[in-house]
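The values are calculated or read from the model by the stated rules, or taken from the named source; none is laboratory data. Note that the structure is a prediction, hence the values are computed from the model and not measured. For neighbour counting, all protein chains shown are included, and Cβ atoms are generated from backbone atoms with ideal geometry for every residue, glycine included. Only protein heavy atoms, including side chains, enter the accessible area calculation; ligands, DNA and RNA are left aside. Shrake-Rupley method; radii C 1.70, N 1.55, O 1.52, S 1.80 Å.
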Amino acid sequence: MVCFCSQLNRPGQRHWSIIFSTASRERLKKKKMPFISKIKRQTDYNLFPSSTPIVIDNGASYFRIGWAGETEPRVIFRNIVQRPRHKTTGETVSIVGDHDPALLKYFDCTRSGPRSAFDNDVVYQFEIMEYILDFAFDRLGANGSGIDHPVLITECVCNPVHSRSKMAELLFETYGVPSVAFGVDTAFSYKYNQQHGICGQDGLAICPGFSTTHVIPFVGGEPVYRGSCRTNIGGYHVTDYLKQLLSLKYPHHMARLTWEKVEDLKMEHCYIAPDYFSEARLFQKGTKEAEDKTRCWQLPWVPPPTEEPPSEEEIARKAAIKERQGQRLREMAEAKRSSRINELENELHGLGFLLRQLEQVEANDIPSFLSATGYVSKQEIESSLAKVTQSLRKAKGEPKSEQAEVEEKTEASMNEKYPLIHIPDNMLTSEQVLNPKEPKLKKKKKKCIIIAIVIKLLLAMVSIQLKEKRRQIFLKTTTEGRQRAKQKRVEEGLERERKNQEDEERRLENPELYAEQMRAKYKELSERIDQRKRLKTNGSHTNGNNTSGGVGRGERLNAAQRERMRLLTTAAFDRGKGEDTFGAKDEDWQLYKLMSRDNDDDDEGAEADEAELARVSSRLQEIDPKFVPKQELVPPQSAAEAPRLRPLTKEDFQIVLGVERFRCPEILYHPNLVGIDQVGLDEMTGVSIRRLPSKDEDLEQRLTSSIFMTGGCCLFPGMSQRLEAGIRMIRPCGAPINVVRALDPVLDAWRGASLYAAKLQFTEQTFTRMDYYEKGEDWLRRYQLRYTL
Amino acid sequence: MEAEVIEAELVLPTYLSFKRVQMYEKYPKGQSRGRHWKHLKQILQAENYQNYPPDEPNYVNIESPPSMHPCKRLCDMTGYEAPYYDPRTNLRYANAEVFKLVRSLPSEYVQRYLALRNAAVVLK
């Protein structure tokens, strides 16, 4: 609404342009430092009149805001918002930009990752945009009721109208901005450098940015969007690629590889190779040049405290303590033993006394006498007496040969115990069943009726006898089996002893040969085990992993499992025509008999092999001082944890950047490497020139002789040479090619915009709130800034 | 709030004098905030670029075409030139040692390497 012309002749304006020209020469220094945010609150907001435009460079990576006519933006920060919860108060707050991570410890940042308002390079999340603008204006020092300055804000090339109108609405409605202008950041950068003579009036501007790369031809100082070209690859993809590669190579250091850290690494170490494959070959051959180019990032690491060999005093002291402890234990054992011996002797005496008493008592009174003592029969007393004497003997520590005698005695008694076994079935009589251990009792003869009853009883008893006989057979066989097993063990022990002696003899006569043989055997065994293990882990890894997806081809590496699968599938498919008639006939189920059960063969073989390996390795360790048992070789990429079988060294905590240094920026030239099916930087120029509406060779020559690079990604070393080589490949021979870089690829866009907004005619390019509402969306769609004023 | 947090002015204040409509008025608490923003795909669909003349530059038609050059075959793990690929896992490898490593990778890593190239099996 306000006509600005009257206010523009103030003396202060000339002051700005003077600052401008002298400071520009300093920008020729190459800035390789990562960008540092500037978020101090400015205090001079009120010193600027309402006519001074505010210039905003709304980039996907950084947001820059400042006053028109100045050379540096006042406030710069990362274009992200986080909304964490405060740990103690619990309220959700908004934090804009990147801040000191130490301060963020008061907030619970688990659920709130940094969020951007951009999708590709178009603003779509206006709530986040509002937070960002809030923060930016606040830090610029805004106070009062509304932003009373015209605003120049940058957008992407051919911004969709939806995004543009929402942005205009936000600025007009929420902030009360009087007028707004939209421009493209690449164009501003180009114009700025054109004024400084870097590029001509006709030229190609190439801007590899954060998430996209643009190529825009300039004819007559104005961008020709019809000839422009955009590939959806940028610095974000390069950083992401590097992060993924490093995470896959060093999975145990994944916590250290945050996105910010990887971005720092990228900015410091990545470069573009003039020819990718020749550079890769250098590294493959391991030449000295490759060694020089490899960078190594040492993570903080504390070596574990080395244990000094205990000194003499330590050893003596520990030995004394052990001796004392041993002594104490021995005393305790001795005391226990003597008390037990006493107990047993008492028991022995008691039992002996009982027996003698039993002999004195009459036969009739035996049962009553026995019940008083708690034993059921005389045999029981005798057997417990025998047991007590035996344990007494053991406690007294008599040699074991006695035990063999005892065993023989028990064997003899066994024969007595199992008299029934030897008697064939049909000769078993009732008497032997009723009292299997005692001699025949006297029985009086009865009359015939009683005989009949007795016969019936006999028949019943026979079955009981059979049961009894079976029980005795079973007991006998089990005890015999136990004895046999013991014998076998003894024999095996003897055999092993014999083999060891033979081994020793062999070793003594020819140590060299023996060692060689051992080593060969060890190697063979370990290889076999490794292979089997690899098959198994591959199978078991895929078996246990649910996210692998796809057909479980890896699960059936085992031959037995493959066979099983084959049988099942043939059964399922070769049956009737179309219908599944498996199982209708009984023979079908025989199929399952053909399949071996899972993993049974492998396990047995594996165990035998492993036992053998252990034996061989222990042998080798004894005889060969140089032998080091080969630890489990798990390849570093697949180890989920650092190999812990050997002590961690300094090298485990180093992250080596070799090939990755030039592999990651390569995706700018070959987006196919990350699966994006579009042209790379060098081809984009060809596409752009081809798309131009007018085919004029002279114009094309002019374009290629002024190829201008801007944007954060063009700071990679080696970018210009590579681009030139690439463009030379696609242009006709002899065409002039000249690649120039912006004075400051990162800040030039803002500077160009600032310069533009400071001009008098800038106001004609803006549109006001009334314009926006009256003229409608169609007009807004066709709105384009004119860059040459 | 802790003293150093306030001093650093980390948190965005809820009331700002230069705004006509404050955030808490615009987005009252309790309502779902983010779901009504259209994503880029939806924005482009709503633009209806087919109604306008095709030679007018718009967001969609300035996009670059696919590459004409033959695609570079890089080893997935080491980054060297890789003329071979493993039919079981679909990974590219440069030589026999790398092949050993490729075959011993657990399936999760295989999928991640393939995802770098956008060639992973995605189950929908």
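All but one of (1) modelled with pLDDT of 90 or more; (2) farther than 25 Å from A:Y783 by Cα hold for A:R111; state the number of the condition that does not hold.
So A:R111 meets the others, but not (1).
Kindly indicate whether any position in region B:92-105 is among the basic types (K, R), farther than 22 Å from A:Y276 by Cβ, open to solvent by 40 Å² or more (accessible area, probe 1.4 Å) and at the interface with another protein chain (Cβ under 7 Å from one of its Cβ atoms).
The answer is no, given that none of the residues of region B:92-105 is among the basic types (K, R), farther than 22 Å from A:Y276 by Cβ, open to solvent by 40 Å² or more (accessible area, probe 1.4 Å) and at the interface with another protein chain (Cβ under 7 Å from one of its Cβ atoms).
For region A:148-159, give me each residue that is of a type in the set (V, I, T) and more than 11 Å from every other protein chain (Cβ to nearest Cβ).
The answer is A:V151, A:I153, A:T154.
Is it true that A:F277 is closer than 29 Å to B:P106 by Cα, without any contact (Cβ under 8 Å) to a residue 12 or more places away in the chain and assigned by TED's automatic domain parsing to the domain that holds A:E697?
Spelling it out, A:F277 is indeed closer than 29 Å to B:P106 by Cα, without any contact (Cβ under 8 Å) to a residue 12 or more places away in the chain and assigned by TED's automatic domain parsing to the domain that holds A:E697.
Any idea which residue in region B:108-124 is surrounded by the fewest Cβ atoms within 10 Å (Cβ to Cβ), counting only those that are assigned to a loop (DSSP other than H, G, I, E, B) and more than 7 Å from chain A (Cβ to nearest Cβ)?
The residue in question is B:K124.
Residue check, A:E502 against (1) surrounded by 11 or more Cβ atoms within 10 Å (Cβ to Cβ); (2) modelled with pLDDT under 90, all met but one. Which one?
For A:E502, the exception is condition (1).
Scan region A:468-487 and give yes if some residue there is among the acidic types (D, E), in a helix (DSSP H, G or I) and touching a helix residue (DSSP H, G or I) at 6+ places or on another chain (Cβ under 8 Å), otherwise no.
yes
Yes or no: A:L760 in a loop (DSSP other than H, G, I, E, B) and more than 22 Å from A:H214 (Cβ to Cβ)?
For A:L760, the condition - in a loop (DSSP other than H, G, I, E, B) and more than 22 Å from A:H214 (Cβ to Cβ) - is met.
Of all residues in region A:661-679, which are at the interface with chain B (Cβ under 7 Å from one of its Cβ atoms) and surrounded by fewer than 24 Cβ atoms within 10 Å (Cβ to Cβ)?
A:H670, A:N672, A:V674, A:G675, A:D677, A:Q678
Having 1 or more residues that are more than 9 Å from every other protein chain (Cβ to nearest Cβ) and crowded, with 20+ Cβ neighbours inside 10 Å is the bar; report the strands (runs of 3 or more DSSP E) wholly within region A:160-269 that clear it.
Where strands (runs of 3 or more DSSP E) fall fully within region A:160-269 and carry at least 1 residues being more than 9 Å from every other protein chain (Cβ to nearest Cβ) and crowded, with 20+ Cβ neighbours inside 10 Å, they are A:179-184, A:203-208, A:213-219.
Can you name every residue in region A:710-724 that is within 15 Å of A:A205 (Cβ to Cβ), modelled with pLDDT of 90 or more and touching a Lys or Arg at 6+ places or on another chain (Cβ under 9 Å)?
A:T710, A:M719, A:S720, listed by residue number.
Just give me the residues in region A:680-713 being within 29 Å of A:N58 (Cβ to Cβ) and at the interface with chain B (Cβ under 8 Å from one of its Cβ atoms), in sequence order.
Result: A:G680, A:E683, A:M684, A:V687.
Just need a number here: residues in region B:53-85 that are under 27 Å from the mean Cα position of the chain (by Cα), more than 8 Å from chain A (Cβ to nearest Cβ) and not aromatic (F, W, Y).
So the answer is 7.
Can you name every one of the helices (runs of 4 or more DSSP H) wholly within region B:1-70 that holds 1 or more residues which are within 19 Å of A:F126 (Cα to Cα), at pLDDT 85 or above and open to solvent by 80 Å² or more (accessible area, probe 1.4 Å)?
Where helices (runs of 4 or more DSSP H) fall fully within region B:1-70 and carry at least 1 residues being within 19 Å of A:F126 (Cα to Cα), at pLDDT 85 or above and open to solvent by 80 Å² or more (accessible area, probe 1.4 Å), they are B:40-47.
Can you tell which of B:V60, B:V110 is in contact with a helix residue (DSSP H, G or I) (Cβ under 7 Å, 6 or more places away or on another chain) and on the phi < 0 side of the Ramachandran plot?
B:V60
Report the residue count in region B:90-124 for those that are over 24 Å from the mean Cα position of the chain (by Cα) and of a type in the set (S, T, Y).
Final tally of qualifying residues: 2.
With the structure loaded, tell me whether A:S145 is open to solvent by 30 Å² or more (accessible area, probe 1.4 Å), facing chain B (nearest Cβ under 7 Å) and in contact with a Phe, Trp or Tyr (Cβ under 9 Å, 6 or more places away or on another chain) or whether it fails that test.
Here the answer is yes, as A:S145 does meet what is asked.
When residues of region A:561-609 are filtered for being within 39 Å of the chain's Cα centre (by Cα), at pLDDT 70 or above and open to solvent by less than 50 Å² (accessible area, probe 1.4 Å), how many remain?
Of the residues in that region, 4 qualify.
Look through region A:714-728, keep the residues that are open to solvent by 30 Å² or more (accessible area, probe 1.4 Å) and either within 14 Å of another protein chain (Cβ to nearest Cβ) or in contact with a strand residue (DSSP E or B) (Cβ under 6 Å, 6 or more places away or on another chain) (or both), and return whichever of them is farthest from A:A749 (Cα to Cα).
The residue in question is A:A725.
Which of the residues spanning region A:308-333 are under 30 Å from A:S384 (Cα atoms) and open to solvent by less than 100 Å² (accessible area, probe 1.4 Å)?
Matches in region A:308-333: A:A333 only.
Provide a single number: the residues in region A:752-784 that are open to solvent by 60 Å² or more (accessible area, probe 1.4 Å) and among the aliphatic types (A, V, I, L, M).
Counting residues in region A:752-784 that are open to solvent by 60 Å² or more (accessible area, probe 1.4 Å) and among the aliphatic types (A, V, I, L, M) gives 2.
Restricting to region A:114-142, and then to whatever is part of a loop (DSSP other than H, G, I, E, B) and in contact (Cβ under 8 Å) with a residue 24 or more places away in the chain, can you tell me which residue is farthest from the other protein chains (Cβ to nearest Cβ)?
Ranking the qualifying residues of region A:114-142, first place goes to A:P114.
Does A:P305 qualify as being open to solvent by 100 Å² or more (accessible area, probe 1.4 Å), modelled with pLDDT under 80 and not assigned by TED's automatic domain parsing to the domain that holds A:P665?
yes
I'd like the full set of residues that are assigned to a loop (DSSP other than H, G, I, E, B) and either in contact (Cβ under 8 Å) with a residue 12 or more places away in the chain or surrounded by 17 or more Cβ atoms within 10 Å (Cβ to Cβ) (or both), limited to region B:75-87.
Scanning region B:75-87 gives B:C75, B:D76, B:M77, B:T78, B:G79, B:Y80, B:A82, B:D86.
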